[in-house]
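The values are calculated or read from the model by the stated rules, or taken from the named source; none is laboratory data. The structure displayed is predicted, hence computed values, not measured ones. A quick note on method: Cβ atoms are made from the backbone with ideal geometry, for glycine too, and the neighbour counts reach across all protein chains shown.
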Amino acid sequence: MTEVIRCNGLTRTYQDDGVPVHALAGVDFRVEAGEFVSLAGPSGSGKSTLLNCIGGLDRPSTGEVYVDGVSLGALSQSALADLRLIKVGFVFQSYNLIPVLSALENVEFIMQLQGVAAAERKERAHAMLDSLAIGEMWDRRPGELSGGQQQRVAIARAIVSKPVLLLADEPSANLDSKTTADLMELLLRINREQSMTIITATHDPAVMAYASRQVHLVDGMIESDQCADNAAS
Amino acid sequence: MKIPLRTLLQLSWRNIWRHRRRNIMLFSAILVAVSTVVLANSLIRGWQVQMLDTVVTSLNGHVKVLAPGYLDDPSIERAFQLPGGYKPALAPGQLRAWTSRVVVPGVILSERDTRGVQLVGVDPADELQMSFLADAQIEGEFLASADDRRVLLGAALAERLNTGVGRRIVLMTQGSDGRNRESGFRVAGVYRAATGGLEKVFVFTGRAALQQMLDTQAITELSLRLHSNGDRAQARQQLQQGFSGEEVSTWDELQPQAASMFEFADVAIVIWFSIMMTALAFGLINTLITAVMERVRELGMLRAIGMQPGLVILQVVIESLMIVILGVALGISLGVFFVQQLADGIDLSQWAAGIEGYYMSTLLIPSLLLSDLLLVAALSLLFGLLASVWPAWRAVQVQPLEAMRR
């Protein structure tokens, strides 16, 4: 299988009031294309830091991250932005949609930055919203949508341009259990139907259960890395 | 990097309406500042136009030819003759009017008083194109021709001499032979000028009449009025070629104090504009920093999903410039409206004595120059641009991850 992520000897040390905090303390980690990986662990275990290093939002103190064969350490801020635009889709805990744009325009936004033609953009954005069962909400702004609907729009935005990797940081943190289940079913469907590689960072067991591989972090190190044959659904 | 300009414009426009109240305040500040600058500029420019008009029509003209030494010793001995049928040869379209005069110091006597004055022999028809007499109120009659042996007095002088229209006065001066001449003249009319100083100094009579009294065919000055003040240096140069033995001077050389004030008006416009725009720029930067820092999380998110830092800056700048452009456009319109409301002028007659020294008349009429409006528009946009780039640049200095945690 094709390797999408490779992390070699990752460490990340923050200074907190002059006290060094080792968020990552030597992580070696690989993800193959099409995997659905859950990074789990208690607060402060380093799962979000690892996710951010993979997505090029944070730089490791030492070690190297490769995404789709590209070493992130050598990339400028501008090149990292391009990498995030083309190869990585992000789903954030607090949705982070653009408040002045409608659901459709939010989904179109990434494609606008990529220079996709208007007609194609609209068609793909409508199709994506339809496939996530929020097609009727296309003209509503984020403030007019529920948390679950906003997260669906965020997912639509993240995957509409077919990135090689979808990163979701605590995607269910602001959702109730029913909406969380719907959301995870959706991510699972995307993973299976589009063979999209998905990595989530979560401490919610209900979310972990959907992943085919569960990586448990404690104190910035991988404690366990297991394939779960009994992934939900 | 391809710039999705339409996307940025759309985002910017909607963001403006999202923070309606703050942006209306920002817009209002620009509106007030720009309209005030336009109005102030037009008043200063109006003063400058008036100053130039006053100096040029106070018998200076834009360019004047005098005999050498006349300025130090203005007597009929320092005179020159014009060739027969002379006409100034300037570039086409430059010359508005011209005349020759005899101007000598003299004394005027009435039954009541005696005053020292400037006796001015003129061609009345030319003078109506050249000097303040064209706009002066005349009681009685204007001079009929260059041969007219009557005089035209200023109202202030007539009052001092306790004389008036139809009365006789006596003029005394030195003739071309160096001997004193004395002759009686009847008062044809009394003029009222915009400034009282002129009324006390100049006594007009026909040029030929004064030449006869002085026993000369010569003139003491050739004065030219141009269509454009900017042509005066070139006109001076061309005149100098025809009058190599005389002194050719522009009005600013003849009236250096007025010239300094004229230049100061240009500087005053820049100073006033700079003060207003600097104050506005600080307000803009302050408001825009607040506006941008409130949205630092959102801007961080845009970068996190792949928007280039340069595009984020551009988006913020476009947003700011939209407000600035609208404010400047309406500010200029409002300023022009104010100026139009003052088109009949501002009456300054109660300060008449004080403003005379500034070459102002008692009616200040604002003057709008397209170049001034363009300068205001261009500099306002430049200030707006600089004031918006700084907060935007600051916003993208925050790393996306850190921004999204705020």
Checklist outcome for this item: Among (1) among the aliphatic types (A, V, I, L, M); (2) under 17 Å from B:Pro105 (Cα atoms); (3) surrounded by 18 or more Cβ atoms within 10 Å (Cβ to Cβ), B:Leu161 falls short only on (2)
Item to check | Among (1) within 14 Å of another protein chain (Cβ to nearest Cβ); (2) modelled with pLDDT under 90; (3) assigned to a helix (DSSP H, G or I), the one test that B:Met1 misses | outcome: (3)
Checklist entry - Within segment B:11-29, is there a residue that is under 18 Å from B:Ile318 (Cα atoms), hydroxyl-bearing (Ser, Thr, Tyr), over 42 Å from the mean Cα position of the chain (by Cα) and within 14 Å of chain A (Cβ to nearest Cβ)? => result no
Checklist entry - In segment A:158-167, is there at least one residue being touching a Leu at 6+ places or on another chain (Cβ under 7 Å), in a loop (DSSP other than H, G, I, E, B) and closer than 30 Å to A:Glu120 by Cβ? => result no
Next on the checklist: Looking only at segment A:160-172, how many residues end up being crowded, with 23+ Cβ neighbours inside 10 Å, within 13 Å of chain B (Cβ to nearest Cβ) and modelled with pLDDT under 90?
Outcome noted: 0
Next on the checklist: Anything in segment A:123-175 that is over 28 Å from A:Arg6 (Cα atoms) and of a type in the set (Lys, Arg)? List them, or say none.
Outcome noted: A:Arg124, A:Arg140, A:Arg141, A:Arg152
Checklist entry - Just wondering, is there one or more residues in segment B:389-398 that are more than 14 Å from chain A (Cβ to nearest Cβ) and part of a loop (DSSP other than H, G, I, E, B)? => result no
Checklist entry - Taking the stated definitions as given, is A:Ser78 within 14 Å of chain B (Cβ to nearest Cβ), within 19 Å of B:Gly306 (Cβ to Cβ) and of a type in the set (Ser, Thr, Tyr)? => result yes
Next on the checklist: Residues that are within 29 Å of B:Glu402 (Cα to Cα) and within 14 Å of chain A (Cβ to nearest Cβ), at least 1 per element: which helices (runs of 4 or more DSSP H) completely within segment B:282-376 meet that?
Outcome noted: B:296-304, B:309-341
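The rows are residues; the columns are (1) buried (at least 17 other Cβ atoms within 10 Å of the Cβ); (2) in contact with a Lys or Arg (Cβ under 8 Å, 6 or more places away or on another chain); (3) of a type in the set (Ser, Thr, Tyr); (4) modelled with pLDDT of 90 or more.
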{"site": "B:Asn23", "(1), (2), (3), (4)": "yes, no, no, no"}
{"site": "B:Val32", "(1), (2), (3), (4)": "no, no, no, yes"}
{"site": "B:Ser35", "(1), (2), (3), (4)": "yes, no, yes, yes"}
{"site": "B:Ser42", "(1), (2), (3), (4)": "yes, no, yes, yes"}
{"site": "B:Trp47", "(1), (2), (3), (4)": "yes, no, no, no"}
{"site": "B:Tyr70", "(1), (2), (3), (4)": "yes, yes, yes, yes"}
Item to check | In segment A:12-57, the residues that are more than 21 Å from A:Met184 (Cβ to Cβ), crowded, with 17+ Cβ neighbours inside 10 Å and among the polar types (S, T, N, Q) | outcome: A:Thr49, A:Asn52
Checklist entry - Can we say B:Gly164 is touching a strand residue (DSSP E or B) at 6+ places or on another chain (Cβ under 8 Å) and in a strand (DSSP E or B)? => result no
Next on the checklist: For segment A:89-128, which positions are surrounded by 18 or more Cβ atoms within 10 Å (Cβ to Cβ), in contact with an Asp or Glu (Cβ under 9 Å, 6 or more places away or on another chain), in a loop (DSSP other than H, G, I, E, B) and facing chain B (nearest Cβ under 8 Å)?
Outcome noted: A:Phe92, A:Asn96, A:Ile98, A:Leu101
Next on the checklist: Just the residues that are closer than 16 Å to A:Asn8 by Cβ and in a strand (DSSP E or B), please, taken from segment A:58-88.
Outcome noted: A:Thr62, A:Gly63, A:Glu64, A:Val65, A:Tyr66, A:Val67, A:Val70, A:Ser71
Item to check | Residue identified as of a type in the set (A, V, I, L, M, F, W, C) and without any contact (Cβ under 8 Å) to a residue 60 or more places away in the chain among B:Val267, B:Val248 | outcome: B:Val267
Item to check | Residues that are surrounded by fewer than 18 Cβ atoms within 10 Å (Cβ to Cβ) and assigned to a strand (DSSP E or B), drawn from segment B:132-158 | outcome: B:Gln137, B:Ile138, B:Glu139, B:Gly140
